[in-house]
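*Asks:* One structure follows; several queries about it will come next.
Just so you know, all these numbers are worked out from the coordinates, no wet-lab data involved. If you're wondering where the values come from, they're calculated on a predicted model, not measured in any experiment. Positions of Cβ are generated from backbone atoms using ideal geometry, with glycine treated the same way; all protein chains shown enter the neighbour counts.
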Amino acid sequence: MTDLIISLGSAELFHARWTSQIHDEWMRNLLADRPDLDSSKVERRRRQMDQAIDDCLIEGYQHLIPNLTLPDEGDVHVLAAAIHGKAQVILTYNLRHFPKKALIPFGIAAEHPDKFLTALADRSEDAVKEVLEEMRLRKTRPEVSWEEMLRKIENQKLPQFVAKLRAVGLESA
């Protein structure tokens, strides 16, 4: 999922943004789920993400946190960063934690990555296909077929996005 989001963001199909706190959260969770991973490689991935997209790090949002409320207070920093960074969308698998009524006053929507990426493919079909072809070609140890790549993407809870890619004939990219 990270490679997909970073690749599409690097192609400027949307402006991906995050914070150091969001980094800390995903890294902590990843290393807890996968203690076999080398933490220095995870940290390297963090640096690569930050280098891949200009102006990706949102800073200076913390002053907004005390005045915001969400069902899970641990997610308030995400909303504060989105407001400060003038984001239109928060990508999340957990939509319950970002109810519409809490986001509407700020002109922000929460979207499941599957819905967001499917809409992106609808708007920019050729560009998305090109980015995915570049992603596939980067995978050389071992090489990855289109079907393997689509299966991996689908396993990231992105079935509609993969269905869209198959419908537009991704293998002809």
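*Asks:* Using r as the Cβ-Cβ distance of residue 95 and residue 160, and R0 as 25 Å, what FRET efficiency do you calculate, to the nearest 0.05?
*Replies:* So the FRET efficiency works out to roughly 0.95.
*Asks:* If Rh is defined by the Kirkwood formula over all Cα pairs and Rg also comes from Cα, what ratio Rg/Rh do you get for the range 116-172?
*Replies:* Computed over Cα atoms, the ratio is 0.94.
*Asks:* Also, I was wondering about something else. May I ask you to order 126-132, 21-27 by the average number of other C-beta atoms within 10 Å around their residues, highest value first?
*Replies:* Per-residue Cβ counts within 10 Å, averaged per peptide and sorted highest first, yield 126-132, 21-27.
*Asks:* Say each of residue 67 and residue 137 gets a label point 7 Å from the Cα, pointing the same way as Cα to Cβ; how far apart are those two points in nm?
*Replies:* Once both label points are built, they end up 4.9 nm from each other.
*Asks:* Using unit Cβ charges (K, R positive; D, E negative) and no other charged atoms, how large, in debye to the nearest 20, is the dipole of the range 100-152 about its Cα centre?
*Replies:* With Lys and Arg at +1 and Asp and Glu at -1, about 340 debye.
*Asks:* To the nearest 20 debye, what charge dipole does the chain have about its Cα centre, counting +1 at the Cβ of each Lys and Arg and -1 at the Cβ of each Asp and Glu?
*Replies:* About 240 debye.
*Asks:* Report P(r) for the range 1-42: all Cα-Cα distances, bin width 10 Å, range 0 to the bin holding the largest distance, values in whole percent.
*Replies:* Final binned percentages: 25, 44, 27, 3.
*Asks:* If you place +1 on the Cβ of every Lys and Arg and -1 on the Cβ of every Asp and Glu, how big does the dipole about the Cα centre of the range 73-166 come out, in debye to the nearest 20?
*Replies:* Approximately 200 debye in magnitude.
*Asks:* With just the Cα atoms of the range 22-97, tell me how far they stretch along each of the three principal axes, in Å, largest first.
*Replies:* Each principal axis gives a Cα extent; for the range 22-97 these are 38, 28, 21 Å.
*Asks:* Give me the angle, in degrees from 0 to 90, between the Cα long axis of helix 125-138 and the longest principal axis of the Cα atoms of the chain, rounded to the nearest 10.
*Replies:* For 125-138 against the chain, the angle is about 80 degrees.
*Asks:* For the range 43-64 and the range 65-141, what is the separation of their C-alpha centers, rounded to whole Å?
*Replies:* For the range 43-64 versus the range 65-141, the Cα centre distance is 15 Å.
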